[in-house]
Amino acid sequence: MVGRIHLSSACRRPKTVAGLTGLRRRVDSDAIHFSACWQTLEEQTKSRYVCSYEVATAYVLLGKEDQAFRWFDKAVEDRSDCMVMLVVDPRLDSIRSDIRFPSLVRRVGMWQ
C-alpha cells in the first residue's frame with residue numbers, strides 16, 4: 001500500500017499511460033508492483049487500442065530509451081497521429097540527442 005492507494009487494485013483498474021506514469025512517481029519504492037502494472041498495460045495493448053506514441057513517451061519519462069524506441073517504431077507502423085508532436089513534445093527532450101532520434105524523425109517525414 002502506498003499512501004492510500006493499494007497497488008493491486010490500481011493495476012486492475014483501466015489505466016491510461018499518463019495515469020501509469022503518475023502511479024510510477026508515487027510508487028518508486030515498489031518497482032515490482034509497478035512492473036506488474038506496466039506488464040498489464042502492455043498485455044492490454046494486444047486486445048484494445050493504446051496509442052503507441054503515448055506508451056513510447058511513458059518509457060522516455062521512465063528513462064527506458066530502448067523500449068521507447070521500440071514503441072516509437074510501432075507508432076510509425078501504426079501511423080499514429082500523435083507522431084506529429086515528435087519534434088515539439090517537451091517530454092522527449094531527454095532522447096533528442098540519441099542517435100536513433102533523427103532517423104525516427106525522418107521516417108515520420110519530418111525534419112529536425
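Please treat every number below as a calculation from the coordinates, not as lab data. Owing to the predicted nature of the structure, the values given are computational and were not obtained by experimental measurement. Counting neighbours? That spans all protein chains shown, and the Cβs are built from the backbone with ideal geometry, glycine included.
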Segment 52-112: relative contact order in percent, alpha carbon pairs under 8 Å with at least 6 residues between:
33 percent
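Consider all pairwise Cα distances in segment 52-112 and report the whole-number % of them above 13 Å.
On the way: 997 of 1830 pairs.
Tail of P(r) above 13 Å: 54 percent of Cα pairs.
How much length, in nm to one decimal, is gained on full extension between VAL84 and LYS64, taken as 0.36 nm per residue of separation minus their Cα-Cα distance? Before the final figure, lay out the partial values.
Working: separation 20, 0.36 × 20 = 7.20 nm, distance 2.16 nm.
5.0 nm is the gain from fully extending VAL84 to LYS64.
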Compare the Cα positions of VAL105, LEU86, ALA58 along the charge dipole of segment 52-112 (+1 at Cβ of Lys, Arg; -1 at Cβ of Asp, Glu; about the Cα centre) and return the one farthest towards the positive end.
VAL105
